[in-house]
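Heads up, the thing below is written out as structure tokens.
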Amino acid sequence: QVQLVESGGGLVQPGGSLRLSCAASGSTSNIHVMGWYRQDLGKRRELVATITRSGGRTNYADSVKGRFTISRDNVKNTMYLQMNLLKPEDTAVYFCNARDFSTHYWGQGTQVTVSS
């Protein structure tokens, strides 16, 4: 079993920055890909960014490319999402995701609100 716990969400002003963290525990040795998804009220969940176990390959949604940076620390079993130049449309619940060979694991989510 894998458990994921997000943290770092909150209220920020447009143009501000926020850093999200996802701590993984349990049977994490077979996790190869991790990522961040987000979902606002009444909207479908969308992929934000993914990263491989080595950290050598990353993928970003076009809407966040150049503003967000995904990273991971395998020693700490923690994944991060550095969010810069935040916009109101970035407002959503952000979910941590981890994948092994057959299963997707999800955290409970952390709320990010970008507003003046």
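Could you say which residue among R72, R45, R57 is within 11 Å of the chain's Cα centre (by Cα), of a type in the set (K, R) and on the phi < 0 side of the Ramachandran plot? Full working, then the answer.
Values: R45 fails: within 11 Å of the chain's Cα centre (by Cα); R57 fails: within 11 Å of the chain's Cα centre (by Cα).
Only one candidate passes the filter, namely R72.
Taking the condition of being assigned to a strand (DSSP E or B), open to solvent by less than 50 Å² (accessible area, probe 1.4 Å) and not small (G, A, S), how many residues in region 31-45 meet it?
5
How about region 67-116: which of its residues are aliphatic (A, V, I, L, M) and either open to solvent by 30 Å² or more (accessible area, probe 1.4 Å) or outside any loop (DSSP other than H, G, I, E, B) (or both)?
Hits for region 67-116 are I70, V75, M79, L81, M83, L85, A92, V93, A98, V112, V114.
Quick check on region 46-66: of everything there that is among the charged types (D, E, K, R) and within 18 Å of K87 (Cα to Cα), which residue is surrounded by the fewest Cβ atoms within 10 Å (Cβ to Cβ)?
D62
Show the residue pairs that are 6+ apart or on different chains and have beta-carbon atoms under 8 Å apart, the first residue being within region 81-94 and among the small types (G, A, S), the second being in a strand (DSSP E or B) and open to solvent by less than 40 Å² (accessible area, probe 1.4 Å).
Between residues of region 81-94 that are among the small types (G, A, S) and residues that are in a strand (DSSP E or B) and open to solvent by less than 40 Å² (accessible area, probe 1.4 Å), the close pairs are A92/R38; A92/V112.
Please state which of the following conditions A24 fails to meet, knowing it meets all the rest: (1) over 19 Å from Q111 (Cβ atoms); (2) open to solvent by 50 Å² or more (accessible area, probe 1.4 Å); (3) touching a Ser or Thr at 6+ places or on another chain (Cβ under 9 Å); (4) touching a residue at least 40 places away in the same chain (Cβ under 8 Å).
Every listed condition holds for A24 apart from (2).
The values are calculated or read from the model by the stated rules, or taken from the named source; none is laboratory data. All values reported here derive from a predicted model rather than from experimental measurement. For neighbour counting, all protein chains shown are included, and Cβ atoms are generated from backbone atoms with ideal geometry for every residue, glycine included. The area values use the complete protein model at the heavy-atom level, side chains included, leaving out ligands, DNA and RNA. Shrake-Rupley method; radii C 1.70, N 1.55, O 1.52, S 1.80 Å.
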